[in-house]
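Here, each number is a calculation from the coordinates, and none is a lab measurement. None of these values were measured; they are calculated from a predicted model. Reconstructed Cβ throughout: ideal geometry from the backbone, glycine too, with neighbour counts over all protein chains shown.
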Amino acid sequence: MIHLNNVTLSRQGTRGFALRDLNFSLPRSSFSWLVGPSGAGKSSLLELLSLNTLPSHGHMTLLETRIDNASRSTLRHLRRRIGFIPQNYRLIPEWSVFDNTALPLRLHKHREADIRREVHAILHWLGLPQHIDAFPPQLSGGEQQRVAIARALIGRPALLIADEPTHALGEDQAHLLLDAMQQLVSLGTTVIVATHSRTLMRSYPAPTLTLNNGSLMHQEGTL
Amino acid sequence: MSKRLAPSFQSRSLPLLCAFMTVLAGLALAGLSGLQTLEHIWAQETPNTATIELPPDLPDLNQQAQALLELLNQTSGVLHVHQFSSEETQTLLAPWLDQGRTEGHTDSPPQIPPTSLPLIITAEHTASLSLAPLIATHTPSAVVEENSHWTERLHTLISTLTSCAELILAITLGTTSLTTAIVIRRAVTTQRTNLTILHSLGSFPLTLANRMALHAAALALIGSVFGLILLAPTLATLAHALSPLLLSSSSPAADGPAFFTLENYTSLFSPHFWTIFALPLMCSAIAWATTQCVILIWLRRLP
């Protein structure tokens, strides 16, 4: 499902490395935590797994596809199967909550009536039905994070990557999200979540990848 | 809720730039058209005429003139021969004689004694015939002036001016493309974050480029049409000012009516003039192509 073999990611414009000689594998339908101190390389690894950057060296296989020799078209199709919840939300400020959320479905060319139904359903589930026509700058940080979550989940991705997805959410909403992620895992999705919350990790025990200084310190738990 | 798949293209300066460029290109095109009309008129309406002048001090002037008239009438290719009367010669020379007049003698035209007047003969002939060598052999003292020489010189002048107008047009279009590219690049820069987000979600580059290029093309079209509207009064004023030169004297508009009919304008401008209405489409096409290139090249830099 996910396989990294001696993967290194150089820092742009410097001789340093954001990630160095990473070797690990994650099976399909699994949930994993990604932990490490600030600056350890968690976000860089998640950017790599969401194909926003490509490895400088080494081999990476995502969703049964070798990335290092994949064409641009293959990468584009893979990106459509990946749901990413970035730390800074990455919403398009000029578009409404509806349009931001509907984007993955529109890229998959779903019918507009189906898109409308699904967007309403997921925004209702995330407690945002009243903000459907609002624009991201009009929303609070927590609300923007929920829109980013909605956008990542709505396409039922084969790989879900989340960078601190609960940091702006309340406890109830965080549990609601983690429960939804567990459901996705049972449906075949592979989920990787970067977090600093030990409480959440205790509530949802799962295999953990620990990064430090761009290197994988250890991989604990059964994958 | 619109069906959104790409960021919109927003630029206030693009329509304004296209309006100004349309005005510039339109003026260059109108100048080019005027020159082409003028060249056409000269080519069509100016006959090939030789003006032969026999000096008044020539011995046996009248016999030599008679012999010359007979020679011209017998020469094939000569269409019409006319000998000026002394009154016609006086009238012809009046502008030169007027220059020498002093103040206080404005009531009567100056007169030259008929014996001091040169004898002038004009001969219209076909374009292929050159009368100068024939007359030089027959009457070496005669001075021959072919008006085709002037037509050739004017043709050369018009060719030079046409090249200048074409150069201005090319520079205007080149500058339009370049400045449009700069404006579009700046507008795309403001959408970089959004384009990166859409790219990371797996958007098709051509979809992004097409949608933004269509917005840019529409803005350029609006700006250019506005430029044409701005240009219309200037062109109408120029057309009125130049109508006595450009329209044949038989045309009623040549005398300067208050308003021209479409027929007048059609005869006033060469067919090339009407390409001016293609300028908005050209501006639009330049904006579309430039936006496509800028976005696709920029997206190629992303992984």
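Structure data summary
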read-out	value
Net charge over other residues, Cβ less than 15 angstrom from the Cβ of B:VAL78 (K, R count +1; D, E count -1)	-3
Loop trypsin sites (Lys or Arg not before Pro), the range B:1-92 (other Cβ atoms within 10 Å of the site Cβ: 10 or fewer; DSSP)	B:LYS3, B:ARG12
CD proxy at 222 nm, helix term only [per DSSP H run n ≥ 4: -39500 (n - 2.57); per residue of the protein assembly as shown; nearest 500]	-17000 deg cm²/dmol
Residue-averaged beta-carbon neighbours from other chains (10 angstrom radius) around B:195-206	6
Euclidean distance of C-alpha centroids, the range A:195-219 and the range B:15-63, integer Å	88 Å
Cβ-Cβ FRET estimate between A:SER140 and B:ARG192, R0 fixed at 30 Å, reported to 0.05	0.70
Residues of the range B:32-76 with amide N under 11 Å of the 7 Å Cα→Cβ point at B:GLU145	B:51-53
Shielding by partners - mean other protein chain Cβ count within 10 Å, residues of A:88-96	4
Fewest-first ranking of B:TRP298, B:TRP96, B:TRP42, using other Cβ atoms within 10 Å as the exposure measure	B:TRP96, B:TRP42, B:TRP298
Partner chain coverage, peptide A:198-204 - average Cβ within 10 angstrom	0
Per-peptide average of other Cβ atoms within 10 Å, ordering A:204-215, B:50-61 highest first	A:204-215, B:50-61
